[in-house]
Structure formats: structure tokens, C-alpha cells
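Every number here is computed from the coordinates shown, using simple stated rules; none is lab data. The model shown is predicted, which means the values in this text are computed figures rather than measured ones. Virtual Cβ from ideal backbone geometry, glycine too; neighbours counted across all protein chains shown.
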Amino acid sequence: MYVVPYKFAFDLSRIPRFFFTEIARVSYQKDMHKKIGKITQKMIKKFKIQEATGLDLSDAVLLIQDLIEVQSRNLVERKKFEQAKSKALFLPHCSRKYMDNRCKSVFDPNIPSYICAHCSPDCLINKAVATAEEKGYDVYILPGGSCVSKILKTKHYDGVVGVACGEEIRMSSEILNGLSISGQAVSLIKNGCANTIFNMETLNSIL
């Protein structure tokens, strides 16, 4: 089962695209870490995050800060990542269109990963797998974050892209740092145990 690290559910899929542009913009600011609290509060108010998501203030603050920190780490790691020769993409299996037998993917416990069967053209995972494989990535569809370390113990990669929620990205970043692997991350904009969502445009720009 895919474990949701956050203790709350969120859905940013209806937030205007400009919100994510703003996340990227503030991540470029010098000494951003010193004023992240004020920046976060302003963004929550400006984009009415609490009203749009139903989150209380503390959860909204945690979510927005994680989004900013993920973007900041991407910037720091970007040059090293672009120089990587062998790359992998880790995707969450909960972003599949179907979580039952309508999904024709097969789980291989030896990897461990689902193998996409490309059965639904409008499935996020199908789109992401096709795009990444065209760019030469090995792609893994994971049932949980613990699979990352298992795969990296048997496979060698210079660069890794991970799609997950902010807290799980943070945990995976520690694994990559320990193995001296450059990483890039794409945050989920809707979490949960099924029908999670990430932005394909963001993933394309990262890949």
C-alpha cells in the first residue's frame, strides 16, 4: 500500500497556474530560507489556499513551504543533474488512472515496480512513462517510497527524478545525497491513496 506521509489530504489542482509560477519565482530569491515564513503567509493569503483546499493554516504553511523547498533544491542540483548520463524516473503508482484490474500494468516484485501496459491514453502514468522513455530514462512505478533505496542498491544512476509529495521527496533526497546522486523532484498537486495528480508540464520541463 502507498503510504501518505502527510497527515492531511490536499488538492491544488484547481489553483491557478500562476501560483506555481510564483513558487518558482520566490525559490530564486537570495536568502529565501530566512524569510520563508513571511513569503508562505503572503502566498496563502494571495491565492486563498485555505479557502480553496479546506486546510487549516498550519497544514497550508507546511505544504507551501515544502513546495518552495523542493523547487529550491531543484535549482541547486540542476547543473549536476543535467550532466548526468544515466537517469531514472520514479513515479507513484497511485497516479494511475485505475487502481483495479482495469489497469493492465503488472507488478514485478523483483524490481520492485509496476510495468506500464500503456492501456489508457489519458492516464498520467502512461503519459509520463512514454515521455521519459523517449528521453532515455529508466522508469519505475513505485508502490511506496521505500522502493527507492531498494532499486538504487541494485541499479546505478547518476541522476534521478522523483514524483511524490513534499515530505516523501525530502526523505528520498536524503537517500540520494548519501549515494551522491543528483536529484530533481516534481511535487504532487493532489495527494491520497488513489487518483493523485502531478503536473505533466512541470515534469516535462524537469526531464
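On full extension of the chain, what length is gained from His156 through Asp122, given 0.36 nm per residue of separation minus the C-alpha to C-alpha distance?
Residue separation times 0.36 nm, minus the Cα-Cα distance, leaves 9.1 nm.
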(message) Straight-line reach only, C-alpha to C-alpha below 13 angstrom: list the aspartates and glutamates that Lys79 could link to, leaving out same-chain residues fewer than 8 apart.
(response) Asp158
(message) Through the Karplus equation 6.51 cos²θ - 1.76 cosθ + 1.60, θ set to phi - 60°, convert the phi angles of region 162-170 into ³J(HN,Hα) values in whole Hz; use x for Gly and Pro.
(response) x, 10, 5, 7, x, 5, 5, 4, 4
(request) Between beta-carbons, use under 14 Å as the cut-off and find the net charge around Leu203, counting Lys and Arg +1, Asp and Glu -1. (result) 0
(request) Return the FRET efficiency for the residue pair Glu82, Arg25: r is the Cβ-Cβ distance, R0 is 30 Å, and the value is rounded to the nearest 0.05. (result) 0.90
(request) Identify all aspartates and glutamates with a Cα-Cα distance to Lys97 below 12 Å; exclude those on the same chain that are fewer than 8 residues away in sequence. (result) Asp122
(message) Between Cys193 and Thr131, how high is the FRET efficiency from 1/(1 + (r/R0)^6) when r is the Cβ-Cβ distance and R₀ = 22 Å? Nearest 0.05.
(response) 0.35
(message) Restricting things to Cα coordinates, could you compute the convex hull volume per residue of region 17-206 in Å³?
(response) 122 Å³
(message) Set the bar at 28 Å for Cα to Cα. Now go through Lys46/Lys127; Lys153/Lys190; Lys42/Lys135; Lys7/Lys45 and name every pair that lies beyond it.
(response) Lys46/Lys127; Lys153/Lys190; Lys42/Lys135
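If packing is taken as the average number of other Cβ atoms within 10 Å across a peptide's residues, how do 38-46, 91-99 rank, most packed first?
Ranked from most to least packed, the peptides come out as 91-99, 38-46.
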(message) Give me the percent relative contact order of region 17-206, please, defined on Cα pairs under 8 angstrom at least 6 residues apart.
(response) 23 percent
(request) Just the number, please: percent antiparallel of the DSSP beta bridges in the chain, rounded to the nearest 5. (result) 30 percent
